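Student: Have a look at the structure that comes next, please.
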Amino acid sequence: MTRASIATLTGVAVLFALVVIASPDGTLEPVVRAEARSTLPTAADAKPLLNATHRHREWMTVPVSASASTLAWVMYPERSDRAPVVVLSDERPDADDWTRAVSDQLAAEGYLVVVPDVLTQLDAEGKRADAAPAVAGDAAEIARRLEAVQRAVLALPSAQNAVFHVDLNRAGGRIQVRTQGLEATFDMSAEAWPDFVAYLNRLSGNMLPANADAAHADHMAMQAQVRGATTAAPRNTISEKHPRLPAGFYTARSTLRNTTLKAEWVDIPLEGSDVRLHTFVVHPRTTARTGVVVVMQHGVGLDEWQRSVAVQLAEDGFIAVAPDLWSGTGPNGGNWDASEFIDDAMRAAAGKLNAAETMRRLKAAREWALRLPQANGKSGSIGFCAGGGNSFRFAAEVPEHNASVVYYGGTPPEAELAKINAPVLAFYGENDARVTAAVEPTRAAMARLGKQYEAHIYPKTTHSFVMFQDIGNNNAAIADAWPRTIEFFRRNLN
């Protein structure tokens, strides 16, 4: 039932002889029918999949001129080497939910996937313009933006220098693959999906490394199991939080509900703005003066898991301050929690806060917290994913800052590194080439500049390993990383 119709250009038939064979009825089929790691999602699957995925995803700002930018959705695979790039599109010029859900499934196969959102217009400061230009009917402008998106993705450190275009024709019920003059068309069905994946793998040479455990651990089904944990590691299962480690994906909500620590929401004024920074604050049990740790939200915002990390930091003796950086960006000027779904909150915030405004909000949270009677005048920061990058940069932005912890976050430019005074402690998962590619250059740059930078890369460990502790070797990684984090803060903040 699954047939691939192949169109080739002169001079490339030899390549296709390696990919397809003729069946008795004269049509062409892929040589290898591999069992796919993924499936073709339905429209009903899209939103739950986008909200539950453990893979890193983000809205990327892509310059298209000196004064304007657009957006693209990027989904990253879990692998330690460079990934082939898939530009995924359908008949719509925006990145809708279903197409982005398909990107998650292709990322499960090891591809770095981008979904252009070329109708979005950002101004020179990287903020959404009042009105997007009327480009929907301008084929030349759309092509220019698509080219800019492709260039931006190819420049990512985890991208191979190879691009495969996958077009989803919903009206015709077909999936088309295009690259270098080659085209193949597949039925758009769950039955045909494995043949499509096998063909794309053969065409791209894609093969996930043996150490890339991309298993999803069936989060949506919540299977109660832990994979890859060593016997020496504290077992932090999906149903039981280890008392000395942060909560995981499954225990975050119960951690927030059951804590006996004083936890409160405060609204911090932002100078020159009507927005108040909605901030979650957790106080330690100790009555002694102690350090402040600013908890910097990960790429999906200040969700329950991120707030549960603040609870653990307070359990470890610090004043934990977790600002909702997306305050005022939600529907009707609401905060992160004004959106029904995590994915909606990400879309609402995309293009509304530039780097300077993000730093301004983080500084406001720090300054407010340092005025608390229990604060001892010292500040640390911790961040995960996007928050990890912000924690690193914060050390450059605030000269009097005392300690920055980075969990799988990006490295600032060297000009920013030169301004850092505080020591930086960083943790990464091996199967996260998006950020691990920069670790050795960062070590060299920080050493050259005379800065303190300690980095740990954990084998067989994914992105977001603190949150998704039941995947691969993630459990052992957090069991090692968190005690190092607390000792680092105690050494620098007490």
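Where a number appears in this text, it was derived from the coordinates with a stated rule and is not lab data. Since we're looking at a predicted model, the values are computed, not measured. Heads up, the Cβs are rebuilt from the backbone with ideal geometry, glycines too, and the neighbour counts pull from every protein chain shown.
Student: Using 0.36 nm times the number of residues separating Glu141 and His165, minus their current alpha carbon distance, what extension gain do you get?
Tutor: My answer for the length gained is 6.8 nm.
Student: Please compute the contact order of segment 308-446 in relative form: average sequence separation of alpha-carbon pairs under 8 Å and at least six residues apart, divided by the residue count, as a percent.
Tutor: Dividing the mean separation by the residue count of segment 308-446 yields 14 percent.
Student: Could you give me the ³J(HN,Hα) list for segment 284-296, computed from phi with Karplus coefficients 6.51, -1.76, 1.60 and θ = phi - 60°, whole Hz, x at Gly and Pro?
Tutor: Result, rounded to whole Hz: x, 6, 4, 9, 6, 5, 8, x, 9, 10, 8, 8, 9.
Student: With r as the distance between the Cβ atoms of Lys352 and Glu183 and R0 = 41 Å, compute the FRET efficiency 1/(1 + (r/R0)^6) and round to 0.05.
Tutor: Efficiency, rounded to the nearest 0.05: 0.60.
Student: Now a separate question. Around Gln312, with a cut-off of 11 angstrom between Cβ atoms, what is the net charge of the other residues, counting Lys and Arg +1 and Asp and Glu -1?
Tutor: Summing Lys/Arg as +1 and Asp/Glu as -1 gives +1.
Student: Further question on the same structure: Taking only C-alpha pairs under 8 Å that are 6+ residues apart, what is the relative contact order of segment 306-346 in percent? Walk me through the numbers before you get to the answer.
Tutor: On the way: 31 pairs, mean separation 8.5, N = 41.
Across segment 306-346, relative contact order equals 21 percent.
Student: Here's something else I'd like to know. What's the center-to-center distance, using Cα atoms, between segment 152-195 and segment 352-400 in Å?
Tutor: Computed from Cα coordinates, the inter-centre distance equals 41 Å.
Student: What translational diffusion coefficient, in µm²/s and rounded to a whole number, does the Stokes-Einstein relation yield for segment 55-98 at 25 °C and a viscosity of 0.890 mPa s, taking the hydrodynamic radius as the Kirkwood radius over Cα pairs?
Tutor: Values: Rh = 12.6 Å.
Estimated via Stokes-Einstein, D reaches 195 µm²/s.
Student: Once the other residues with Cβ under 9 Å from the Cβ of Ala445 are scored (Lys, Arg +1; Asp, Glu -1), what is the net sum?
Tutor: On the way: positive: Arg443, Arg448, Lys451; negative: Glu414.
Every neighbour counted, the sum reads +2.
Student: Let me check I have the definition right: for segment 252-493, take the eigenvalues of the Cα gyration tensor, multiply each by 5, take square roots. What are those semi-axes in whole Å, largest first?
Tutor: Over the Cα atoms of segment 252-493, the semi-axes work out to 25, 20, 20 Å.
Student: In whole Å, how far is the Cα centre of segment 275-340 from that of segment 466-494?
Tutor: 19 Å
Student: While we're on this one: Using only Cα atoms, figure out Rg for segment 333-451 and give it as a multiple of 2.2 N^0.38 Å.
Tutor: Normalised by 2.2 N^0.38 Å, the Cα Rg of segment 333-451 equals 1.16.
Student: Write down the percent of antiparallel bridges among all DSSP beta bridges whose residues are both part of segment 252-493, to the nearest 5.
Tutor: 35 percent
Student: Let me check I've understood the local charge: for Gly172, count other residues with C-beta under 12 angstrom from its C-beta, Lys and Arg +1, Asp and Glu -1. What total comes out?
Tutor: -2
Student: In addition: For segment 72-100 and segment 436-460, what is the separation of their C-alpha centers, rounded to whole Å?
Tutor: For segment 72-100 versus segment 436-460, the Cα centre distance is 29 Å.
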